[in-house]
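Okay, structure first, notes after.
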Amino acid sequence: MQQRLWNRIEFSLLAGGIIIAGGLWGFVELSEIAREAAPHSFDTDILLFFREAGNTADPIGPSWVEEAMRDITALGSASVLIYITAISVIYLAMTRRWGPALFVFASVAGGQVLSSLLKLGIDRPRPDLVPHLAQVHTMSFPSGHAMLSAVTYLTLGALLARFLPGRAATIFVFAIAILTTVMVGISRVYLGVHWPSDVLAGWCAGFAWATLCWLISRRFMRPVEDEE
């Protein structure tokens with residue numbers, strides 16, 4: 001029994017290390033694209049794919065798709081993520097689950113600080129290839145919506161997975177967290193407010209940060225049965 005538990009811990013550490021290393025490598029490579037003076041063809045081709053040929057002001061699809069994309073992108077906005085995080089932290093504190101409460105707060109707040117610092121460090125302007133279909137005020141790289149949705153939803157997914165019975169439920173929760181993160185990122189490109197490389201970099205940084213916080217929490221948080 002102890003050997004099986006140790007093997008699971010070793011596998012988790014290995015998988016976590018691979019995700020962190022892959023995320024860091026991907027972010028560094030994408031930051032080189034972001035520093036180039038002219039937009040990369042990878043960015044321009046995908047951005048134009050989401051616009052009607054000959055009219056860059058008109059996104060592909062019927063009008064309801066554009067409205068849906070605005071709704072989806074709101075799932076990665078600072079106000080929504082702060083609201084979700086605050087509710088989660090308050091609930092955990094009310095139930096005296098201090099470790100998980102600190103884990104959620106530190107992971108999301110730390111991700112927000114890291115995202116702001118990365119934006120200042122790269123200082124990439126927003127795309128000017130197509131008109132923006134949403135209001136934006138900060139730098140472009142990495143996408144804060146993509147990064148912070150990954151951090152927030154994966155962090156909450158990892159926390160919820162500790163209380164779920166069975167592997168199927170855990171897989172479902174993480175699948176929803178990843179799907180939501182992917183949809184938010186795609187919506188940023190569809191609305192023309194981010195280059196695709198911004199979104200990819202946000203995902204890389206967000207997955208790496210959330211995984212790092214999860215590995216740290218496994219070291220310091222008590223098992224679920226000890227909290228009840």
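Length gained on full extension, ILE178 to LEU164, computed as 0.36 nm times the residue gap minus the Cα-Cα distance: 3.3 nm. Within the accessible surface of the chain, defined with a 1.4 Å probe on protein heavy atoms only, the carbon and sulfur portion equals 69 percent. The coefficient of translational diffusion for region 59-114, derived via Stokes-Einstein from the alpha carbon Kirkwood radius under 25 °C and 0.890 mPa s, stands at 188 µm²/s. Between LEU117 and GLU36, the contour length at 0.36 nm per residue exceeds the Cα-Cα span by 27.2 nm. In order along region 105-118, phi translates into HN-Hα couplings of 4, 5, 5, 6, 5, x, x, 5, 5, 4, 4, 5, 5, 5 Hz, rounded to whole numbers, per the Karplus curve 6.51 cos²θ - 1.76 cosθ + 1.60 with θ = phi - 60° and x for Gly and Pro.
Solvent exposure of region 1-220 amounts to 55 Å² per residue of accessible area, where only protein heavy atoms count and the probe is 1.4 Å. Under 12 Å from a point placed 7 Å out from the Cα of ARG70 along the Cα-to-Cβ direction: which residues of region 133-151 have their backbone N that close? What the label zone holds, given the 12 Å backbone N cut-off, is 133-135. By the Stokes-Einstein formula, at 1.567 mPa s and 4 °C, region 141-223 with its Kirkwood radius over alpha-carbon pairs has D equal to 98 µm²/s.
Under 5 Å between amide hydrogens, built in the peptide plane, is the criterion, and for ASP58 it picks out GLU52 among residues at least 5 positions away or on other chains. In terms of overall dimensions, the C-alpha atoms belonging to region 86-174 reach 48, 27, 20 Å along their principal axes, ordered largest to smallest. A crude spin-label estimate for the pair ILE90 and LEU129, with each label 7 Å from Cα along the Cβ direction, gives 4.2 nm.
Here the Kirkwood formula, the inverse mean of 1/r across different C-alpha pairs, assigns region 5-102 a hydrodynamic radius of 18.4 Å. Rounded to the nearest whole Hz, the Karplus-based 3J(HN,Hα) values (6.51 cos²θ - 1.76 cosθ + 1.60, θ = phi - 60°) of region 126-143 follow the sequence 5, x, 10, 6, 10, x, 7, 9, 8, 6, 9, 9, 10, 5, 8, 10, x, 5, with x at glycine and proline.
The values are calculated or read from the model by the stated rules, or taken from the named source; none is laboratory data. Quick caveat: nothing in here was measured; it's all calculated off a predicted structure. Cβ sites come from the backbone with ideal geometry, for glycine too, and all protein chains shown count toward neighbours. With ligands, DNA and RNA removed, areas are computed over all heavy atoms of the protein, side chains included. Shrake-Rupley method; radii C 1.70, N 1.55, O 1.52, S 1.80 Å.
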